[in-house]
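The values are calculated or read from the model by the stated rules, or taken from the named source; none is laboratory data. If you're wondering where the values come from, they're calculated on a predicted model, not measured in any experiment. Cβ atoms come from the backbone with ideal geometry, glycine included; neighbour counts cover every protein chain shown.
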Amino acid sequence: MKILLSDVGKRFNREWIFRHVNYSFESGVHYAITGPNGSGKSTLLQVIAGAIDYSEGKVEMTDDSLQLTEKNQPSTVISHQSTSFYQHLSFCAPYFDLIEEMTLTEFLHFHFQFKNLLTGFTIKRIIEVLGLEKAAHKQIRYFSSGMKQRVKLSQAIFADVPVVFLDEPCTNLDESGIAQYQQLIADYCNNRLVIVSSNDKQEYGFCKEVLRISDYK
């Protein structure tokens, strides 16, 4: 699995957030996008994931194991415009909303109707790994901010997808929550393509490659 960025740029009104990003993200490698607050690292992560559109260039996902077609031509290339693009990725960010009227168990059952679970996992097992057994039948609106962030992480990490996007994944987590996050990455993301947007080494210290957003201003 690869994600290829070719001369990608993003502009808001007349201001370019970044330009001329040429980069290749490969399966089994963990990447960090770093930069000061407000520099555009989260915007770049969302562009790569297809959450927001780019202003110039091209983003493509390729996988030799996929027998997909674009415009009726045999190809392993999946563009942002293809609906299949989103079947191969998951995303965690503190600004994503949960359905707070649902209990934790109800919400996870709902979410994993759209993504397959990692092999060997059940909703009950996920809740046990998160250490939230006592809150399994509690409405999410009564969760602390740290508990909510653990749920958001679970949506991304326990989905059976080859690509995981993490935007400031330790937001609202205490010391034990950060340790749990790091353990989840070590246990379940070794063979996946992981891209983390952060300026905190606790969140991206495991990443072997670093893309500095300041290099594309």
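Descriptive notes on the structure:
- Output for the stretch 162-177, where each listed residue is buried (at least 16 other Cβ atoms within 10 Å of the Cβ) and closer than 19 Å to Phe96 by Cα: Val163, Val164, Phe165, Leu166, Asp167, Glu168, Pro169, Cys170, Thr171, Leu173, Gly177
- Looking only at the stretch 160-195, and only at residues there that are among the aliphatic types (A, V, I, L, M) and touching a Ser or Thr at 6+ places or on another chain (Cβ under 6 Å), the one that is farthest from Lys41 (Cα to Cα): Val161
- Failed condition for Gly146, given (1) over 19 Å from the mean Cα position of the chain (by Cα); (2) over 24 Å from Gly50 (Cβ atoms): (1)
- For the stretch 83-128, residues that are surrounded by fewer than 16 Cβ atoms within 10 Å (Cβ to Cβ), of a type in the set (S, T, N, Q) and under 26 Å from Ile52 (Cβ atoms) total 5.
- Failed item in (1) modelled with pLDDT of 95 or more; (2) at negative phi; (3) surrounded by fewer than 20 Cβ atoms within 10 Å (Cβ to Cβ), with Gly131 passing the rest: (2)
- Taking the criterion of being of a type in the set (Val, Ile, Thr) and closer than 16 Å to Arg212 by Cβ, the residues of the stretch 20-35 that qualify are Val21, Ile33, Thr34.
- Residue selected from the stretch 83-117 under the condition assigned to a loop (DSSP other than H, G, I, E, B) and among the acidic types (Asp, Glu), by the criterion nearest to Glu168 (Cα to Cα): Asp97
- Any hit, the stretch 196-205, residues being free of Cβ contacts under 8 Å to residues at least 12 places away in the same chain and either in a helix (DSSP H, G or I) or hydroxyl-bearing (Ser, Thr, Tyr) (or both): yes
- Tally, over the stretch 5-40, of residues that are of a type in the set (A, V, I, L, M, F, W, C) and surrounded by fewer than 17 Cβ atoms within 10 Å (Cβ to Cβ): 3
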